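*Asks:* Take this structure, written in structure tokens, and hold onto it; I'll ask about it next.
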Amino acid sequence: MPYPPTTLASDVSSIDTEECQSSQKEELEVLESIFPECISNWKSDGTLKLNIPIEFGERRCVNISKPNQSLYSSASSIQLIEPTAMETVYLTTLPPLLVHIILPTSYPLHRPPQIISVRASQQWLTRVSELQDLLLQRWQTGEPVLYDWVEYIRTGDFLQTMDLVSSDDDSAIDLLHPTPLLLSSSIAAYDTSSKSSQFSKNSHLCAVCLAWLKGSKCLELLCSHIFCYSCLEEFWGMCIEEGDIGRVGCPDPQCVKQGREAQEEEVERAVSKAEMQRWKWLREKRDLERDPTLCHCPIEMCQHPVKKPTDADPESGWDRFRQCSQCSFAFCSFCKFTWHGPVSPCPVSHTLGLVLEYLATESGSAQRTFLEVRYGRSRVRGLVERYEQEQSTKQWLSSSTTVCPGCDNNVEKSFGCNHMTCWKCRKHFCYRCGVALDPDHPYDHFSITGTPCYNKLYDWDEEDEEWQH
């Protein structure tokens, strides 16, 4: 766009010159007080450099396309024909535009600022000459325009004017670049760095201790909740020490309800190196234990977790075969004895046979006395006592707990309703019948007429008995 007719120096009175200089100084002082980060270089000869970042205020979709051919019109604009190789990123900021201008002595009364150049950091904007024309069009005779230019660029309004906003979605931005993948990674890295820098400068309220602290002393989790490092270190450290890694997550009540756990990079920034190693070990152990087909090596000094072979045929009997990767012991996953082949049945434990034979005899009988003499009275009675304890435990588990349908873990209910959530695998199930429940609508199970659990969300007899005690 051509500049307005040049005003000769003789036509500009000294009064106008003084008024322009005063207006320029006032405008720059106001601009510097509002956007101090935008003014990178201001010299007495009227040269000014504006470094203006584009801040959307919310996440926006940025589509970066590589044109397969370009047509240049007389206005030096690029028309895209059949874009290919599109990359999509979601950003809240774009790299800044560096606007190099000169303020004439007759600005703002008679002439606009003279734009020397406009350059986009990381070259994400190619049609800079079109933007220069748009900026000059916004100047009105006698009116300062620098603040308007900064706001026009900073808010990204110029993208709409330049038809860089998608016609299908007004929140999406369409950019052209010869290497979309390279540009997408670079502007995404800038967005992350910008948010981190801005977060560190501001003060934030810790939702636990309710203290206002600088961002450098706080951690913003992926769920956008903010807590200070001290509170997270204390809370997560306690959970890791107790082995309850399911609680190593966002302490916000809503996130706790959803069971959101912290990511590895979040935990690493808040806890010590030793606690981090224990957290990783506990998480791996939990993930292994959630596998119902997993068993442990029966060798007492090993007990390494052993997974089920993925290529085993369940009809052949080889699905019971396990081999410890730690000590190479091969065993049967059913009886935990040395591997006896896919066809042979599991052998009965010799000690179990001895206990059953001992209990089948009468007290004081010659057969019982013979067994005590042969194997040792204290040893035999110790085996019998352990067997009776095991049977008692099995009987208690059968009568006082319900098996989780997700991981076969026994769950005991001390009070409350019959809708249970397994502490181990987070499976929702009915405590009365053990059926898995829909996590989104778990209480529908207790509203189905004709079923044993209809209207049995609470066991009223147990509640009444509890109140009586």
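*Asks:* In terms of modelled amide H atoms, which long-range or inter-chain residues lie less than 5 Å from the amide H of residue 92?
*Replies:* Amide H neighbours of residue 92: 60.
*Asks:* How high is the relative contact order of the chain, given as a whole-number percent (alpha carbon pairs under 8 Å, six or more residues apart)? Show your work: numbers first, answer last.
*Replies:* On the way: 611 pairs, mean separation 35.0, N = 469.
Value for the chain: 7 percent.
*Asks:* Let me ask something additional. Taking 7 Å along the Cα-to-C-beta vector as the label spot, tell me the residue 359-residue 129 distance in nanometres, rounded to one decimal.
*Replies:* Between residue 359 and residue 129, the simple spin-label model gives 9.6 nm.
*Asks:* Among 370, 248, 347, flag the residue with its Cα farthest along the positive direction of the charge dipole of the chain, charges on Cβ as +1 for Lys/Arg and -1 for Asp/Glu.
*Replies:* It is 370, whose Cα lies furthest towards the positive end.
*Asks:* Gap in Å between the Cα centre of the stretch 404-451 and the Cα centre of the stretch 165-188?
*Replies:* Spelled out, the Cα-based centre of one part sits 47 Å from the other.
*Asks:* Which whole-Hz couplings ³J(HN,Hα) result when phi for each residue of the stretch 281-289 is put into the Karplus expression 6.51 cos²θ - 1.76 cosθ + 1.60, θ = phi - 60°, listed in order with x for Gly and Pro?
*Replies:* Once rounded to whole Hz, the list reads 5, 5, 5, 5, 5, 5, 4, 5, 5.
*Asks:* Hey, another quick one. On full extension of the chain, what length is gained from residue 186 through residue 337, given 0.36 nm per residue of separation minus the C-alpha to C-alpha distance?
*Replies:* Contour length minus Cα-Cα distance gives 48.5 nm.
*Asks:* For the chain, which whole percent of the accessible surface, found with a 1.4 angstrom probe, sits on carbon and sulfur atoms?
*Replies:* Details: 14210 of 28580 Å².
Whole-percent figure for carbon plus sulfur exposure: 50.
*Asks:* Once you charge only the Cβ atoms, +1 for Lys and Arg and -1 for Asp and Glu, what is the size of the charge dipole of the chain about its Cα centre, to the nearest 20 debye? Write out the running numbers ahead of the final one.
*Replies:* Numbers: 44 positive and 66 negative charges, 447 e Å.
For this selection, approximately 2140 debye.
*Asks:* Under 21 Å between alpha carbons, and skipping anything fewer than 8 positions from residue 427 in its own chain: which lysines qualify?
*Replies:* Output for residue 427: 257, 285, 413, 456.
*Asks:* Run the dipole for the stretch 239-398 about the Cα centre, Lys and Arg Cβ at +1, Asp and Glu Cβ at -1, nothing else charged, and hand back the magnitude in debye, nearest 20. If you can, show how the numbers build up before the last one.
*Replies:* Details: 23 positive and 25 negative charges, 100 e Å.
My answer is approximately 480 debye.
*Asks:* Find the all-direction average of the projected area of the Cα convex hull for the stretch 399-439, expressing the result in square nanometres with one decimal place.
*Replies:* Values: hull surface 10.6 nm².
Quarter of the Cα hull surface area: 2.6 nm².
*Asks:* Using only the heavy atoms of the protein chains and a 1.4 Å probe, how would 363, 316, 216 rank by accessible area, largest first? Show your work: numbers first, answer last.
*Replies:* On the way: 363 105, 316 45, 216 80 Å².
Largest accessible area first, the list is 363, 216, 316.
*Asks:* Also: Using DSSP to define loop residues, name the GluC sites (Glu not before Pro) in the stretch 297-377 whose beta-carbon has at most 14 other beta-carbon atoms within 10 Å. List each step's numbers first, then the result.
*Replies:* Details: sites: 300, 315, 357, 362, 372; in loops: 300, 315, 362.
Qualifying residues, ordered by number: 300, 315, 362.
*Asks:* Here's a follow-up. For residue 161 and residue 454, calculate 0.36 nm times their separation in residues minus their Cα-Cα distance, and state this gained length in nm to one decimal. It would help to have the intermediate numbers written out before the result.
*Replies:* Numbers: separation 293, 0.36 × 293 = 105.48 nm, distance 6.29 nm.
Computed gain between residue 161 and residue 454 is 99.2 nm.
*Asks:* Among rounded, prolate and oblate, which fits the stretch 168-315 when a ≥ b ≥ c are the square roots of the eigenvalues of its C-alpha gyration tensor, a/c under 1.5 means rounded, and a/b larger than b/c means prolate?
*Replies:* Working: a/c = 2.61, a/b = 1.42, b/c = 1.84.
In terms of gyration-tensor shape, oblate.
*Asks:* Mind giving me the nanometre distance, one decimal, between the label points for residue 49 and residue 122, set 7 Å out from Cα along Cα→Cβ?
*Replies:* Going by the 7 Å Cα→Cβ label model, 2.0 nm.
*Asks:* Can you list residues from other chains, or at least 5 along the same chain, whose modelled amide H is less than 5 Å from the amide H of residue 39?
*Replies:* Result for residue 39 returns 51.
*Asks:* Counting Lys +1, Arg +1, Asp -1, Glu -1, what net charge surrounds residue 88 among other residues with beta carbon under 15 Å of its beta carbon?
*Replies:* On the way: positive: 59, 60, 66; negative: 87, 168, 169, 174, 191.
Taking every other residue near residue 88 into account, the sum is -2.
*Asks:* By how many nm would the segment from residue 367 to residue 419 lengthen if fully extended, with 0.36 nm per residue of separation less the alpha-carbon distance? Working shown, then result.
*Replies:* Details: separation 52, 0.36 × 52 = 18.72 nm, distance 5.20 nm.
Contour length minus the Cα-Cα distance gives 13.5 nm.
*Asks:* Applying the Karplus parametrisation 6.51 cos²θ - 1.76 cosθ + 1.60 with θ = phi - 60° to the phi angles of the stretch 144-155, what ³J(HN,Hα) value in whole Hz is obtained for each residue in order, glycine and proline being reported as x?
*Replies:* x, 10, 5, 4, 4, 4, 4, 5, 4, 7, 4, 7
*Asks:* DSSP loop (so not H, G, I, E, B), at most 14 other Cβ within 10 Å: list which chymotrypsin sites (Phe, Trp or Tyr not before Pro) in the stretch 349-420 pass both filters. Numbers along the way, then the final one.
*Replies:* On the way: sites: 358, 370, 375, 387, 396, 415; in loops: 415.
Passing sites in the stretch 349-420 are 415.
*Asks:* In addition: Each residue of the stretch 420-430 in order: what ³J(HN,Hα) in whole Hz does its phi give by Karplus 6.51 cos²θ - 1.76 cosθ + 1.60, θ = phi - 60°, with x for Gly and Pro?
*Replies:* Karplus-based 3J(HN,Hα) across the stretch 420-430 equals 10, 10, 4, 5, 8, 10, 6, 6, 8, 8, 8 Hz.
*Asks:* Can you give me the long-range amide H partners of residue 172? Hydrogens built in the peptide plane at 1.01 Å from N, cutoff under 5 Å, separation of 5 or more residues or another chain.
*Replies:* So residue 172 has HN proximity to 166.
*Asks:* Right, here's the next one. As I understand it, the dipole of the chain uses +1 on the Cβ of Lys and Arg and -1 on the Cβ of Asp and Glu, about the Cα centre. Which of 52, 418, 304 lies farthest toward its positive end?
*Replies:* 304
*Asks:* Can you find, among 131, 24, 180, the residue farthest towards the positive end of the dipole of the chain? Put +1 on the C-beta of Lys and Arg, -1 on that of Asp and Glu.
*Replies:* Checking the options against the dipole of the chain, the answer is 180.
*Asks:* Rounded to the nearest 500, what is the 222 nm mean residue ellipticity of the chain from helices alone, with -39500 (n - 2.57) per DSSP H run of 4+ residues and division by all residues? Provide the component values of the computation, followed by the final result.
*Replies:* Working: 13 runs with 165 residues, N = 469.
That comes out to -11000 deg cm²/dmol.
The values are calculated or read from the model by the stated rules, or taken from the named source; none is laboratory data. It should be emphasised that the depicted structure is a prediction, and the values quoted were computed from it without experimental measurement. Reconstructed Cβ throughout: ideal geometry from the backbone, glycine too, with neighbour counts over all protein chains shown. In case anyone asks, the SASA skips ligands and DNA or RNA and just uses the protein heavy atoms, side chains included. Shrake-Rupley method; radii C 1.70, N 1.55, O 1.52, S 1.80 Å.
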